[in-house]
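This report concerns only the one structure given below.
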Amino acid sequence: MNEKSFDFNDLYIVDFVKSLGQKKNIFAVIYLVINALLISLMMSMFEPNPWLCLLYGLLLYGLTATLALSPLGEWLFRKTNGCKKIEDPAVLKRMQPLFDEVKQAAKTRHPEMKIEPSISLYICDNEGINAFAMGRRTVCVTRGLLQLPDDQIKGILGHEFGH
């Protein structure tokens, strides 16, 4: 039996923090700093010491970001958005090959992208025409998306793999 050992690089937050060092992500860093400062400011309602407020704010922000960027956070986002595994055989028969084709094309055309091998397709009961990516392993389509032709669905799925 070949068990995989735990690797910190498998955590979303590790990739996220590594990506912040790239020059193109300077605005993301500014956004994160402003959010951390706002949370620290809110902590001042409970703690008069400004340094402790800053520390508590950074810790609270770090913990919530780690949760959001974890498999547990991804599961919670799926539940919150009503995303479920596709159980309808007709929908699965149509969507899975489109999904697999776009996934393979994304891997081939953009090998620098980290596309998880375990990424899965989900569906939510929404009649709007939409799809969204969550975390590393979730792409969710709406029921409304199914009314589009296959080539348009592939284009939308391609966009989601870009996230």
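Tabulated data
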read-out	value
With every protein chain in place, the chain: carbon and sulfur % of accessible area (1.4 Å)	64 percent
Equivalent ellipsoid dimensions for the chain as semi-axes, Å, which come from the Cα gyration tensor, largest first	35, 19, 16
Kyte-Doolittle mean at least 0.0, axial Cα span of 20 Å or more - DSSP H helices of the chain	26-43, 50-68
Rounded accessible area per residue of segment 106-161, 1.4 Å, Å²	53 Å²
Average accessible surface area per residue within segment 58-103, 1.4 Å rolling probe, Å²	65 Å²
Highest to lowest packing among 78-85, 113-120, scored as the average C-beta count within 10 Å	78-85, 113-120
Residue-averaged 222 nm ellipticity for the chain, from DSSP H runs of 4+ at -39500 (n - 2.57), nearest 500	-17500 deg cm²/dmol
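The values are calculated or read from the model by the stated rules, or taken from the named source; none is laboratory data. Just so it is clear, the structure is predicted and the values come from calculations on it, not from any experiment. Here Cβ is always computed from backbone atoms with ideal geometry, including for glycine, and neighbour counts include all displayed protein chains. Side chains included, ligands, DNA and RNA excluded: accessible areas come from the protein's heavy atoms. Shrake-Rupley method; radii C 1.70, N 1.55, O 1.52, S 1.80 Å.
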